[in-house]
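A.B. asks: First the structure, then my questions, so here it is.
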Amino acid sequence: MTGQRMEAPLQTNEEGRDMAAPLLSIRNLTTSFRNDGQWSPVVRDVSFDIRARETLAVVGESGSGKSVTAMSVLRLLPPASSRIEGRITFDGKDLTALSDEAMRAIRGNDIAMIFQEASLNPVYKIGFQLAEVLVEHRAMSQTEAQAESVRLLDRVRIPSAKNRLDAYPHNLSGGMRQRVAIAMALACQPKLLIADEPTTALDVTIQAQIIELIKTLQQEDGMSVLFITHDMGVVAEVSDRTVVMYRGELVEADTTAEIFSRASHPYTRALLASIPHLGSMRDRDAPLSFPLVDHQTGAVSEPKETVARPNQQAEPLLAVRGLKVRFNIRSGILGGVSGRVHAVEDVSFDVKPGETLSLVGESGCGKSTTARAIMGLAKYEDGGITFNGKPLAGLTGQEQLARKRDVQMVFQDPFASLNPRMTVGQALSEPLAFHTSLSRAGIRARVYELLEGVGLHPDMASRYPHQFSGGQLQRIAIARALALEPKLLIADEAVSALDVSVKAQIVNLMIELQERLGLSYLFISHDMAVVERVSHRVAVMYLGEIVEIGPRQAVFGNPAHPYTRELMSAVPVPDPQRRATETRVPARELRSPIRAPDFQAPKRMMLEVGPGHFAQADSDGIVTQLTSLAETAAQTRQPRLAAE
């Protein structure tokens, strides 16, 4: 536990009894898994306490042992293949010595858990799943359970709570599903809530709402919270104390304020250095790489300044004009069109050679559909897409092949985009064999060159995807996208699922490749802090439309549209001292994009608010406003549940 600052001993009264005895005490926890007949420890000698009404954050990257520690506390690991050693005491009871029946009584009643993916059964209605918990654990009647379910949904700020009881999980957005999971966890009024990455998969505004909700409910119920995350910005927002885990060991523990101001362990400093700070690029007009800290030595590599600047007077490499993508909703015996999803509505933008344009917005706003239309993977109803001066519509077969060479895409989940039955070398060779006339030896040399270009060793070409980490897989996905020397790379949430330090490495790699190869990027993300770091220009999308577009400095320094301001206010501030000044994000969901078949979109215009900086306005030249939740519910009352 090198670099760990030990906590002060608990105070005692005159009789020697603890005045502030911990609610949960973990001592020398070692958890091992059986592998080929041998026990392999994945958590080693971990000790920490959680006191009443306290929030303790356990922070570390994937594989550090955070979730295994939480599962060990609740004894949710399979006993045949796992072994728990050490002592876990909760409210005076040794959890490791309890019978299975006694442990079941603890789970849910005294200790509840929220998982990263809302753990809801897709075949049962929300009301049934909530009532089941109440009937089983609190011995309520069905009538009492239904009334309590409505109260719980109201507590977690779900609008029209009574109507949501008949909804299925797929009828709700990701943020609303996570709220339901929190309601289920709080149903039995637990003393300790374990939240395992509850905000990682959520958009930045929904993340802010969930964090605020957990904090409010904790104050109301007086419970303790064990908050597991890899996001140091979230840690600064929620935790009183923080423990840092690295490769199964606890390497540092202290108050959150001390961790952020005086981190002593190299790994903790590496996590802190990798946090993108919103506003850190205020005086810069070009992307800047992240500083990296060596996990072992603490040595810092300073960020590299980019030299090349895109020529804003040059002809655009990619030009999108008036793009509209709509999907029909069919129903009835004859399959008639009963509605249409307006996924992309009158979108226009340019990407210049050597430029990074970031497309930002929440899930469902149309970012990925726009990218799919550019790639030819989704049909568009109206508008035009021009690449390198040539319209993409009506290309011959040979011209389409050439376009595929020039425009490549990197997806959010690299494992899903790679064939698990092919080695990395085979995956990289495939486009080269199809699109080029290189010999077998030439292809092999190019594969080695690509791997070295993204920071991997050529020997890795013989491995399969499952033998790599998430960061390595994303490097391989980038290498494959670069195989045919494209001019434009579309990165669709390419770093969203990565740990903070790995995310910094991938962003640095992309900036380096752009500088070296002159690439253009269409960078799609909902992470405003990362977008600020990598972009030359930014376009903000809301409900299928671009509501603001302009130079990155202008959009971040002087946001003109209320939705842009809301996105920025939702970004966690990695400073525990600024909690008192944080701005609350209103609880709302993205409006439904489903419209009647004869719906006509209102006329919009782009109002210039600065040089090259435009905000969406109505026909009278007034900047458009976000529709309130009440107005939205009234406009989409009938299709609302299906739309979410």
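The values are calculated or read from the model by the stated rules, or taken from the named source; none is laboratory data. None of the values given here were measured: they were computed from a predicted structure. Ideal geometry is used to build each Cβ from the backbone, glycine not excepted, and the neighbour counts take in all protein chains shown. Surface accessibility is based on the protein's heavy atoms, side chains included, excluding ligands, DNA and RNA. Shrake-Rupley method; radii C 1.70, N 1.55, O 1.52, S 1.80 Å.
A.B. asks: Which of (1) surrounded by fewer than 20 Cβ atoms within 10 Å (Cβ to Cβ); (2) part of a loop (DSSP other than H, G, I, E, B) does Ile443 not meet, given it meets every other one?
C.D. replies: (2)
A.B. asks: Sort through Ala236, Ala253 and tell me the only one that's open to solvent by less than 10 Å² (accessible area, probe 1.4 Å) and part of a strand (DSSP E or B).
C.D. replies: Values: Ala236 fails: part of a strand (DSSP E or B).
So the residue among Ala236, Ala253 that is open to solvent by less than 10 Å² (accessible area, probe 1.4 Å) and part of a strand (DSSP E or B) is Ala253.
A.B. asks: Moving on. Residue by residue through the stretch 488-508, note down the ones that are under 15 Å from Leu473 (Cβ atoms) and part of a helix (DSSP H, G or I).
C.D. replies: Selection gives Val502, Lys503, Gln505, Ile506.
A.B. asks: List the pairs whose first member sits in the stretch 603-616 and is touching a residue at least 40 places away in the same chain (Cβ under 8 Å), whose second member is among the acidic types (Asp, Glu) and open to solvent by 80 Å² or more (accessible area, probe 1.4 Å), and whose Cβ atoms are under 7 Å apart, counting only residues at least 6 apart or on separate chains?
C.D. replies: Close Cβ pairs satisfying both conditions: Arg604/Asp346; Phe614/Glu608.
A.B. asks: A follow-up question, please. Return the only residue of Val540, Val531, Val495 being within 22 Å of Ser469 (Cα to Cα) and either surrounded by 22 or more Cβ atoms within 10 Å (Cβ to Cβ) or without any contact (Cβ under 8 Å) to a residue 40 or more places away in the chain (or both).
C.D. replies: Working: Val540 fails: within 22 Å of Ser469 (Cα to Cα); Val531 fails: within 22 Å of Ser469 (Cα to Cα).
Sole residue among the options that is within 22 Å of Ser469 (Cα to Cα) and either surrounded by 22 or more Cβ atoms within 10 Å (Cβ to Cβ) or without any contact (Cβ under 8 Å) to a residue 40 or more places away in the chain (or both): Val495.
A.B. asks: Is it the case that Ala183 is more than 24 Å from Asp499 (Cα to Cα) and hydrophobic (A, V, I, L, M, F, W, C)?
C.D. replies: Numbers: more than 24 Å from Asp499 (Cα to Cα): yes; hydrophobic (A, V, I, L, M, F, W, C): yes.
When the stated conditions are applied, Ala183 passes them.
A.B. asks: Go through the stretch 198-215 and give me each residue that's assigned to a loop (DSSP other than H, G, I, E, B) and either open to solvent by 20 Å² or more (accessible area, probe 1.4 Å) or out of contact with any strand residue (DSSP E or B) (no Cβ under 7 Å at 6 or more places or on another chain) (or both). Quick ask: steps written out before the conclusion?
C.D. replies: Of the residues in the stretch 198-215, the ones assigned to a loop (DSSP other than H, G, I, E, B) are 198-203.
Within the stretch 198-215, Thr199, Thr200, Ala201, Leu202, Asp203 qualify.
A.B. asks: Could you check the stretch 79-93 and list, in sequence order, the residues that are within 16 Å of Arg107 (Cα to Cα) and out of contact with any strand residue (DSSP E or B) (no Cβ under 6 Å at 6 or more places or on another chain)? Write out each step before concluding.
C.D. replies: Pass one, the stretch 79-93, residues within 16 Å of Arg107 (Cα to Cα): 88-93.
Listed by number, the residues that qualify are Asp91, Gly92, Lys93.
A.B. asks: Being closer than 21 Å to Asp221 by Cβ and among the hydrophobic types (A, V, I, L, M, F, W, C) narrows it down to one of Ile206, Ile182, so name that one. Explain how you work it out, then say what you get.
C.D. replies: Values: Ile206 fails: closer than 21 Å to Asp221 by Cβ.
Only one candidate qualifies: Ile182.
A.B. asks: Hey, another quick one. Within the bounds of the stretch 565-581, is there any residue that is among the β-branched types (Val, Ile, Thr) and more than 25 Å from Val238 (Cα to Cα)?
C.D. replies: Pass one, the stretch 565-581, residues among the β-branched types (Val, Ile, Thr): 571, 573, 581.
Add one more test, that the residue is more than 25 Å from Val238 (Cα to Cα), and what stays is none.
No - not one qualifying residue is present in the stretch 565-581.
A.B. asks: Of all residues in the stretch 73-98, which are open to solvent by less than 60 Å² (accessible area, probe 1.4 Å), among the aliphatic types (A, V, I, L, M) and free of Cβ contacts under 8 Å to residues at least 60 places away in the same chain?
C.D. replies: From the stretch 73-98, those open to solvent by less than 60 Å² (accessible area, probe 1.4 Å) are 73-75, 77, 81-82, 84, 86, 88-90, 94-96, 98; that's our starting set.
Pick out the ones that are also among the aliphatic types (A, V, I, L, M) and you get 73-74, 77, 84, 88, 95, 98.
Selection gives Leu77, Ile84, Leu95, Leu98.
Yes/no per residue for (1) touching a Ser or Thr at 6+ places or on another chain (Cβ under 8 Å); (2) within 30 Å of Ser47 (Cβ to Cβ):
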residue: Gly86; (1), (2): yes, yes
residue: Thr89; (1), (2): yes, yes
residue: Asp94; (1), (2): no, yes
residue: Ser99; (1), (2): no, yes
residue: Arg107; (1), (2): no, yes
residue: Gln116; (1), (2): yes, yes
residue: Ser119; (1), (2): no, yes
residue: Val133; (1), (2): no, no
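A.B. asks: State yes or no: is Gln467 modelled with pLDDT of 90 or more and polar (S, T, N, Q)? If you could, list the steps in order and put the result at the bottom.
C.D. replies: On the way: modelled with pLDDT of 90 or more: no; polar (S, T, N, Q): yes.
So Gln467 does not fit the description; no.
A.B. asks: Hey, among Val180, Val204, Val225, Val156, which residue is of a type outside the set (D, E, K, R), at pLDDT 85 or above, closer than 26 Å to Val573 by Cβ and under 26 Å from the mean Cα position of the chain (by Cα)?
C.D. replies: Numbers: Val180 fails: closer than 26 Å to Val573 by Cβ; Val204 fails: at pLDDT 85 or above; Val156 fails: at pLDDT 85 or above.
Of Val180, Val204, Val225, Val156, the one residue that is of a type outside the set (D, E, K, R), at pLDDT 85 or above, closer than 26 Å to Val573 by Cβ and under 26 Å from the mean Cα position of the chain (by Cα) is Val225.
A.B. asks: I'd like to know if the stretch 186-197 contains one or more residues that are under 30 Å from Ala257 (Cα atoms), at pLDDT 85 or above and open to solvent by 20 Å² or more (accessible area, probe 1.4 Å).
C.D. replies: yes
Quick grid of which residues meet (1) over 30 Å from Glu545 (Cα atoms); (2) open to solvent by 30 Å² or more (accessible area, probe 1.4 Å); (3) out of contact with any Asp or Glu (no Cβ under 7 Å at 6 or more places or on another chain); (4) not hydroxyl-bearing (Ser, Thr, Tyr):
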{"site": "Pro266", "(1), (2), (3), (4)": "yes, no, no, yes"}
{"site": "His295", "(1), (2), (3), (4)": "yes, yes, yes, yes"}
{"site": "Pro303", "(1), (2), (3), (4)": "yes, yes, yes, yes"}
{"site": "Gly339", "(1), (2), (3), (4)": "no, no, yes, yes"}
{"site": "Val344", "(1), (2), (3), (4)": "no, no, yes, yes"}
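A.B. asks: Now a separate question. Would you point out the residue of the stretch 395-438, among those that are farther than 18 Å from Leu519 by Cβ, β-branched (Val, Ile, Thr) and touching a residue at least 24 places away in the same chain (Cβ under 8 Å), that is surrounded by the fewest Cβ atoms within 10 Å (Cβ to Cβ)?
C.D. replies: Thr436
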